[in-house]
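The block underneath contains the structure these notes are about, expressed in structure tokens.
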Amino acid sequence: MMDDLYREMILEHYKSPIHKGQLETHSHSYEDENPLCGDFIHMDVEVDENGVIKNAVFSGHGCAISQASADILLEDIIGKQIDEVEHLDSQHVIDLLGIELGPVRLKCALLPLKVIKAALYGLEKEE
């Protein structure tokens, strides 16, 4: 029963994302893709002088899991210090989504976490 609620939430975030778009002015930006499935995420982030994430948006395409995960993750981190985001891990994203994910879907769900960390901390793309 709970799984159905979470699936519905994921579909809602996929169909009507709150944080989809682009920021004209942003302090951080990054994009990456999952070459196995074609999921693509670009994020623009605005961090203020105190290290607080004031705004963040994503654009891109892919499956419902990757797109909903991006929207849900951004909703979770806006208002937090960038230091807090550094310590987020895959389990945090899984908990936000609230459903069991197989190995393939896990890569989809975690792409937004990889992109936001790369945007904030300047990680290099893995080849």
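The values are calculated or read from the model by the stated rules, or taken from the named source; none is laboratory data. The model shown is predicted, which means the values in this text are computed figures rather than measured ones. No Cβ is skipped: glycine too gets one built from the backbone with ideal geometry, and neighbour counts run over all protein chains shown.
Scanning the stretch 13-24 for residues that are closer than 14 Å to Ile65 by Cβ and surrounded by fewer than 15 Cβ atoms within 10 Å (Cβ to Cβ) turns up just one, Lys15.
Of all residues in the stretch 81-91, those being part of a helix (DSSP H, G or I) and loosely packed, with under 15 Cβ neighbours inside 10 Å number 5. Only one entry in Glu12, Glu49, Glu84 is of a type in the set (Asp, Glu) and farther than 23 Å from Tyr121 by Cβ, namely Glu12. Would you confirm, using the coordinates I've provided, whether His42 is in contact with a Phe, Trp or Tyr (Cβ under 8 Å, 6 or more places away or on another chain) and surrounded by fewer than 19 Cβ atoms within 10 Å (Cβ to Cβ)? Answer is yes for this residue. Of all the numbered requirements in (1) closer than 19 Å to His28 by Cβ; (2) in contact (Cβ under 8 Å) with a residue 12 or more places away in the chain, Gly122 misses one, and that requirement is (2).
The selection criterion, being among the β-branched types (Val, Ile, Thr), under 15 Å from the mean Cα position of the chain (by Cα), outside any helix (DSSP H, G or I) and modelled with pLDDT of 95 or more, does not hold for Ile116. Put simply, of Ser27, Ser66, Ser59 the only residue that is under 18 Å from Ala118 (Cβ atoms), in contact (Cβ under 8 Å) with a residue 40 or more places away in the chain, surrounded by 13 or more Cβ atoms within 10 Å (Cβ to Cβ) and in contact with a strand residue (DSSP E or B) (Cβ under 6 Å, 6 or more places away or on another chain) is Ser66. Using the structure shown, decide if Lys107 is in a helix (DSSP H, G or I) and either more than 19 Å from Tyr30 (Cα to Cα) or at pLDDT below 95 (or both). Criteria met by Lys107.
Of the residues screened, Gln67 is not one that is out of contact with any helix residue (DSSP H, G or I) (no Cβ under 8 Å at 6 or more places or on another chain) and of a type in the set (S, T, N, Q).
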